[in-house]
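To start, the structure itself, in structure tokens.
Taken together, the values in this text are just the output of simple stated rules run on the coordinates, not laboratory data. This is a predicted model, so every value here is computed, not measured. Cβ sites come from the backbone with ideal geometry, for glycine too, and all protein chains shown count toward neighbours.
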Amino acid sequence: MTKNQYAHQRGKIKDNTVKALVTDPLFRTRVERNKKGKGSYQRHEKHKGANRGESPFKINRLF
């Protein structure tokens, strides 16, 4: 396979090559996270999964 070739997942293309390639997963719609602005905030990785969905009141109980 050369640099410009793409191994499509459509099987044997019979009729319309452009339609077959456009409906391939290569051209699926993607959702990109914003780097700046609305919806761009990401929590720090070290805090993820620390509580595993537990209530914050159950974690720091002393008695």
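A few remarks follow.
- The Cβ shell under 14 Å around Asn16 holds other residues with a net charge of +2, Lys and Arg each +1, Asp and Glu each -1.
- Ordering His44, His8 by the number of other Cβ atoms within 10 Å of each residue's own Cβ, fewest first, gives His44, His8.
- Pair Asn34, Val22: separation of 7 Å Cα→Cβ label points (nm): 3.1
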